[in-house]
Amino acid sequence: MAAYFARRFLLLIPTFLGITFLVFTITQFVPGGPIEQMIMNMQASGGEGGAGGGGAAVEIPPAAMEALREHFNLDKPFFVAYGIWLWDLLHLDLGVSFKYNQPVIDVITSRFPISIYFGLIGFFLAYSICIPLGVFKAIKHGSAFDIGTSMTVFAGYSIPGWALGGLLLVLLGGGSFFDVFPLGGFRSEGWEDFGIWHKMTDQVHHTLLPVLAYMVGSFASLTILMKNSLMENLGQDYVRTAFAKGLSERTVIFGHTLRNSLIPICTGLGHAIGIIMAGSYLIEKVFNINGIGYLGYTSIVDRDYAVVMGILVINTLLVLVGNILSDVLYVLVDPRIRFS
Amino acid sequence: MANDTTQVEAKPLSILQRRWRKFKTLKRGWYSFLALVGLYLLSFLLPILINSKALVVSYEGELYFPAVADLLPFTEGHYSAEELGLYDPRRPDRLMRGEARYRLLQEQYEASDEGNWVLLAPYPYHPNESLLKEASFTGHPPTKPDARNWLGTDDRGRDVLARLAYGFRISITFALLVVAISYLIGMSIGATLGFFGGRVDIFGQRLVEIWAAMPFLYTVIIISSIVQPNLKILVAILAIFYWIGISFYMRGEFLREKSKDYVAGAISIGESNAAIMFKHILPNALTPVISFAPFAIVGGISSLVSLDYLGFGLPHPTPSWGELVGQGLANIPAGAWHLVVFPLGALFGTLLMVVFIGEAIREAFDPKVFSRLR
């Protein structure tokens, strides 16, 4: 077993190299790459600063251009550039963001808590609603309750989380209809000066809608997974045996069947870490939340490739580790499983 | 005599026919299927339903059919204003230049009363046409729904209903293309890995793993921020990520079917690999692939809307749901709710129908019978 997981961890390395190599290749051959973007920024700010400059182009001396190219390793063959990038990565150096003028690591870690905050709350709420709902639907299979909630499940599957968030913002954000919730953001301005009670209500006020948007993504699939898993287990022989020896329905379902039917839910937990930590580009953009997802989106728009690659590295590692974690959980909760 | 009766008996239904019949009995899915297919077919008639060009123009005894030309790719439907005798509203003594404007033309014909007439399309606005220059256009774009523009106009003064309708056709076409191409790739790769097994499988699985661990949406955004996608490129970008899911299903099915007796039988009578794969295994391996298809379509449609919303989707001025939502959400206090509510309503309705179809197909192809013991 230990050998199996050791091998899995070793296999992370080629997979990780493959992914980063692919994306690095893409970003290296970009027209409008980092240097062009920088020059454009300089021209824009020069135009604003110069008195009646009329957008006169800022001439970059060839020597400075060469220095810039050297700085971004664009003068080297791109295998070498990738090698340098990888070597720096091994030393936990993801480079410097040209937009924020800070090390990429600092830019990313400063955004992490916000994404994790929303991700974790959404995750716990989703699981604590979907599991009881799925169980109840399975027990009452075919009842009016089951059919009625199935409609909400279908509806939840038919609307992407960010779209629901946007719809709620338009309806409740005060533009046209009801002014109940703020238009996104993480906290109100001047939050630090609020009293403790005000601080809490303000935070909840800003949290409710985004969390709803996060939840709807997993709501449908998680509920159905729970329901089907329990239904499948209810038809097993051991359930017949348990009933035959005279156990009450309550004991059979909650003591025996539920535990077995939670196995597929548990193994999904590993994949969830990627979702929790990485945030959602779309939801964070809709709600103007300054998390990892929004950072990823703006860095792509600004062609801040050091940050783009940094986020890719973290995302990829989370997905890969999450996959392994899922397998570990699988073994832990189901003793019948043996990987070798 | 006994033989005769057996010959009279109807040919037994194939499994596909039986599943099709079962699918038809599931009303919610069946009616969604009819409605969606009907709407999609109808959307190909959009040039004569929702168009700024007139259906028929009768000018000095001659008939012109400008809108019909839009239906057929190889015809030319452009008529200049001079050709049809359209005068410049600001200088009534002079003919207008450029392409004819048919709503204006109708007004002038009716006013002059010379026996010329124009038959406009039922909803006479084109999705890419800005109404800002119209004399009757009042207010600032985006304007709210009114009697003329039923769902309002967007921030460039284009009709929202027209953009939604054309956007529907593009969204469905896009999703169908993505699913078709990714199925072709995914099924071939999955079938090859599953059938040949061994080293091919181990090596192939590593490559698939690399592909599958890529942050999908993020990578798609990176690529389309670089290459300025059009419809073909965007379909290709999504298809190169979408095939992975199908290939897993296909590989599993082929692995399982390969070990069954009928395959051993086929091998022993000397059938070629290709014949075994396509004639024998493939029909048995289709169930999970078919029941997954509607959900792949849901994924395709929502990916397009998401990318359009982020601004990495189809180029301007393609009618797009996501772009409208982006306009509406960019400035919520301005109160352009119709730019968010209507496109998202269209998205929700479309996806709900596809989900209903998917649920019915799954029920027909892969019925789960739960025995409840107690």
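How high is the relative contact order of chain A? Use alpha-carbon pairs under 8 Å, at least six apart in sequence, and give a whole percent.
Values: 359 pairs, mean separation 84.0, N = 340.
Over chain A, the number comes to 25 percent.
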request  = Give the Cα extents of the stretch A:113-207 along the principal axes, in whole Å, largest first.
outcome  = 53, 30, 22
remark   = Largest-first ranking of A:MET200, A:MET151 by accessible area, probe 1.4 Å, whole protein assembly kept, is A:MET200, A:MET151
query = Over all distinct alpha-carbon pairs, what is the Kirkwood Rh of the stretch B:65-203 in angstrom?
reply = 19.1 Å
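Among all stretches of chain A without exposed GluC sites (Glu not before Pro) (DSSP loop, at most 14 other Cβ atoms within 10 Å), which one is longest?
Working: sites that count: A:GLU59, A:GLU189.
For GluC sites (Glu not before Pro) (loop position, at most 14 other Cβ atoms within 10 Å), the longest site-free span of chain A is A:190-340.
Evaluate chain A: find the radius of gyration of its Cα atoms, find its Kirkwood radius, and give the ratio Rg to Rh. Kindly include the intermediate steps, with their values, before the conclusion.
Details: Rg = 25.7 Å, Rh = 23.9 Å.
Rounded to two decimals, Rg over Rh is 1.07.
Size of the dipole of chain A about the Cα centre, Lys and Arg at +1 and Asp and Glu at -1 on the beta carbon, nothing else charged, in debye to 20?
On the way: 19 positive and 23 negative charges, 351 e Å.
For chain A, the charge dipole is close to 1680 debye.
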task = Quick one: grab Rg to one decimal and Dmax as a whole number for the stretch B:162-364, Cα atoms only, in Å.
result = 20.2, 74
request  = Please work out the C-alpha center-to-center distance from the stretch A:154-172 to the stretch B:80-154 and express it in whole Å.
outcome  = 37 Å
query = What list of ³J(HN,Hα) values in whole Hz, one per residue of the stretch A:137-154 in order, does the Karplus curve 6.51 cos²θ - 1.76 cosθ + 1.60 (θ = phi - 60°) give from phi, with Gly and Pro shown as x?
reply = 5, 5, 5, 9, 3, x, 7, 4, 4, 4, 5, x, 5, 4, 4, 5, 5, 4
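Quick one, can you get me the convex hull of the C-alpha atoms of the stretch A:112-290 expressed as volume per residue in Å³?
Value for the stretch A:112-290: 142 Å³ per residue.
What percent does the relative contact order of the stretch B:53-120 come to when contacts are Cα pairs within less than 8 Å and at least six residues apart? Don't skip to the end; give the middle numbers.
On the way: 109 pairs, mean separation 23.7, N = 68.
Taking the mean separation of contacting Cα pairs over the length of the stretch B:53-120, I get 35 percent.
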query = Toward the positive end of the charge dipole of the protein assembly as shown, about the Cα centre and with charges on Cβ (Lys, Arg +1; Asp, Glu -1), which of B:ASN51, A:MET151, A:PHE136 goes farthest?
reply = A:PHE136
ask   = Using the Karplus equation 6.51 cos²θ - 1.76 cosθ + 1.60 (θ = phi - 60°), what ³J(HN,Hα) coupling, rounded to whole Hz, does each residue of the stretch A:117-129 give in order, writing x for Gly and Pro?
value = 3, 5, x, 5, 4, x, 4, 5, 5, 4, 5, 6, 9
inquiry  = Name the residue from A:GLY268, A:THR251, A:LEU332 whose Cα lies farthest towards the positive end of the charge dipole of the stretch A:233-340, charges +1 on Cβ of Lys and Arg and -1 on Cβ of Asp and Glu.
reply    = A:THR251
query = Could you give the length gained on full extension between B:ALA274 and B:SER136, defined as 0.36 nm per residue of separation minus the Cα-Cα distance, in nm?
reply = 43.0 nm
remark   = With the stretch B:18-110 reduced to its Cα atoms and the Debye formula applied, log10 I(q)/I(0) at q = 0.13 1/Å amounts to -0.58
ask   = In nanometres, what is the gap between the two model label sites at B:HIS78 and A:PHE145, each 7 Å from Cα along Cα-to-Cβ?
value = 6.6 nm
query = Taking Cα pairs under 8 Å and at least six residues apart, what relative contact order does chain B come out at, in percent?
reply = 18 percent
ask   = Counting pairs of Cα atoms in the stretch B:1-159, how many percent are more than 24 Å apart?
value = 55 percent
task = Decide, for the stretch A:182-288, between rounded, prolate and oblate: order the square roots of the alpha carbon gyration tensor eigenvalues as a ≥ b ≥ c, take rounded if a/c falls under 1.5, and otherwise choose prolate if a/b is larger than b/c, else oblate.
result = prolate
ask   = Given a 1.4 Å probe and the protein chains all in place, what does the accessible area of A:LYS227 round to, in Å² to the nearest 10?
value = 20 Å²
inquiry  = Given points 7 Å out from each Cα along the Cα-Cβ axis, report the B:SER259 to B:LEU49 separation in nanometres with one decimal.
reply    = 5.2 nm
query = Quick one: how many Å² of B:ARG19 are accessible to a 1.4 Å probe, rounded to 10?
reply = 50 Å²
key: B:LYS53 - accessible surface, heavy atoms, 1.4 Å probe, Å² rounded to 10   = 20 Å²
key: Sequence of A:SER218, A:SER97, A:SER110 when ordered by accessible area, the most exposed leading, probe 1.4 angstrom   = A:SER110, A:SER218, A:SER97
Peptide-level mean, for B:271-278, of C-beta atoms on other protein chains within 10 Å = 0
inquiry  = Between A:ASP202 and B:LEU184, what's the calculated FRET efficiency when r is the beta-carbon distance and R0 is 35 Å? Round to 0.05.
reply    = 0.10
remark   = Charge dipole of chain A built from unit charges on the beta carbon (Lys, Arg +1; Asp, Glu -1), centred at mean Cα; most positive-end Cα among A:LEU225, A:THR298, A:LEU125 is A:LEU225
query = In nm, to one decimal, how far is the B:LEU71 label point from the B:GLU114 one, both placed 7 Å along Cα→Cβ?
reply = 2.9 nm
ask   = Roughly how crowded by other chains is peptide B:163-176, in terms of the mean Cβ count from those chains within 10 Å of each of its Cβ atoms?
value = 0
task = Could you run the Karplus curve 6.51 cos²θ - 1.76 cosθ + 1.60 with θ = phi - 60° over the stretch A:206-212 and give me ³J(HN,Hα) per residue in whole Hz, x for Gly and Pro?
result = 7, 8, 4, 5, x, 5, 4
key: Residues of the protein assembly as shown: accessible area per residue with a 1.4 Å probe, Å²   = 50 Å²
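Can you sort B:ARG103, B:ARG206, A:ARG240 by 1.4 Å-probe accessible area, starting with the largest? Write down the numbers at each step before the final one.
Numbers: B:ARG103 35, B:ARG206 80, A:ARG240 130 Å².
Sorted descending by solvent-accessible area, the residues read A:ARG240, B:ARG206, B:ARG103.
Using a 1.4 Å probe and counting only protein heavy atoms, how much accessible surface gets buried when A and B come together, both sides summed, in Å² to the nearest 100? Please list the in-between numbers first.
Numbers: alone 19090 and 21180 Å², together 35580 Å².
Approximately 4700 Å², summed over both chains.
Rounded, prolate or oblate: which one fits the protein assembly as shown, using the alpha carbon gyration tensor with axes a ≥ b ≥ c (rounded when a/c is under 1.5, else prolate when a/b beats b/c, else oblate)? Walk me through the numbers on the way to the answer.
Working: a/c = 1.61, a/b = 1.21, b/c = 1.34.
Since a/c reaches 1.5 but b/c is at least a/b, the shape of the protein assembly as shown is classed as oblate.
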task = Any lysines with Cα under 19 Å of the A:LYS137 Cα? List them, leaving off those in the same chain fewer than 8 positions away.
result = A:LYS227, B:LYS368
note = In deg cm²/dmol, rounded to the nearest 500, the helical mean residue ellipticity at 222 nm of the protein assembly as shown, built from -39500 (n - 2.57) for every DSSP H run of length 4 or more, is -21500 deg cm²/dmol
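Give me the Kirkwood hydrodynamic radius of chain B, using the inverse of the mean 1/r over all pairs of distinct Cα atoms, in Å to one decimal. Before the final figure, lay out the partial values.
On the way: mean 1/r = 0.0404 Å⁻¹.
For chain B, inverting the mean 1/r across all distinct Cα pairs yields 24.8 Å.
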key: Carbon plus sulfur fraction of accessible area for chain A, probe 1.4 Å, in percent   = 67 percent
task = Calculate how large, on average over all directions, the projected area of the Cα convex hull of the stretch B:268-351 is; give the answer in nm² to one decimal.
result = 8.2 nm²
query = For B:GLY85, which sequence-distant residues (separation of 5 or more, or a different chain) have an amide H within less than 5 Å of its own amide H, given hydrogens modelled in the peptide plane?
reply = none
request  = Please state the charge dipole magnitude for the stretch B:261-374, taken about the Cα centre, from unit charges on C-beta atoms (+1 on K and R, -1 on D and E), reported in debye and rounded to the nearest 20.
outcome  = 340 debye
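Compute, for the stretch B:162-364, the length of the dipole vector about the Cα centre, with Cβ point charges of +1 (Lys, Arg) and -1 (Asp, Glu) only. Units Debye, rounded to 20.
Values: 11 positive and 10 negative charges, 42 e Å.
With only Lys, Arg, Asp and Glu charged at Cβ, the dipole is about 200 debye.
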Shielding score for A:152-164, defined as the mean number of other chain Cβ atoms within 10 Å = 6
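The values are calculated or read from the model by the stated rules, or taken from the named source; none is laboratory data. If you're wondering where the values come from, they're calculated on a predicted model, not measured in any experiment. Every residue, glycine among them, receives a Cβ derived from its backbone with ideal geometry; neighbour counts consider all protein chains shown. Surface accessibility is based on the protein's heavy atoms, side chains included, excluding ligands, DNA and RNA. Shrake-Rupley method; radii C 1.70, N 1.55, O 1.52, S 1.80 Å.
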